[in-house]
Amino acid sequence: MSPIDREEAARRAAEELLKPAYDKESLLDLVYRRVMQFLGDLVDTAAGGGPAGGVIASVIIVLVILTLIMLISWQLRRASRKNALAVGGLFGERVMTAAEHRAAAAALAAERRWSEAIRERLRAIARDLEERALVDGMPGRTADELTREAALSLPGFATRLAAAARSFDDVTYGGVAGTQEAYEEMADLDEQLRQARPAPVGAGATAATDWTPVGAAPGERPGAGGTA
């Protein structure tokens, strides 16, 4: 096989692609064909280049295959992350603080865009719990997963957290229109969660119904409006 220079190779490739047979060839088919042609040329070169040429060609082929595997794996991981967000993920791709989510929720509520405001307010709750290390930061987390984990640290809020997750899912995936009442309930839950502290380990049945505001004396029961 006689070597050809770059200009001659480009000319031949252009002539090949101008043939009518390639008018309807998909990009994937074209890439596959060109890669296979490249590998075939390497094998031909190795056959005419002795042992050294064979080793070099083999190394290049392995590198090409590894690169393709890495690209495919990267694409699959990317698609998996997008599917997690689309199927039930709580957050979008942009990382925002709890304060930023609250501000966004307030702005949406001011415009009476209740469904979007509800979503942003639950995201504020989730981010706040993560920032306070009450739940782990987990990409692709669903609203249900968040509330179940949060209830372990704040058992007095278990029922309201579950209701908040249902509200989020309803307006996000269930086609239910958000309401001012639902948003205000979410906002009230957010404010109470910000003031709550985790239940002591082994607190018993009392922790399942009560919560303790930040700054309250040990053993002090919450006042009116403080129960979950």
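The values are calculated or read from the model by the stated rules, or taken from the named source; none is laboratory data. Worth saying up front: this structure is predicted, and the values here are computed from it rather than measured. All Cβ positions, even for glycine, are placed from backbone atoms using ideal geometry, and neighbour counts span all protein chains on display. The accessibility values were calculated without ligands, DNA or RNA, using every heavy atom of the protein model including side chains. Shrake-Rupley method; radii C 1.70, N 1.55, O 1.52, S 1.80 Å.
Observations, loosely collected:
- Unmet criterion (only one of (1) surrounded by fewer than 20 Cβ atoms within 10 Å (Cβ to Cβ); (2) at pLDDT below 90) for Thr147: (1)
- Residue in segment 156-176 that is in a helix (DSSP H, G or I), over 27 Å from Glu111 (Cα atoms) and among the hydrophobic types (A, V, I, L, M, F, W, C) present: yes
- Leading residue by the ranking (nearest to Leu122 (Cα to Cα)) among those in segment 160-176 that are among the hydroxyl-bearing types (Ser, Thr, Tyr) and either open to solvent by less than 50 Å² (accessible area, probe 1.4 Å) or modelled with pLDDT of 95 or more (or both): Ser167
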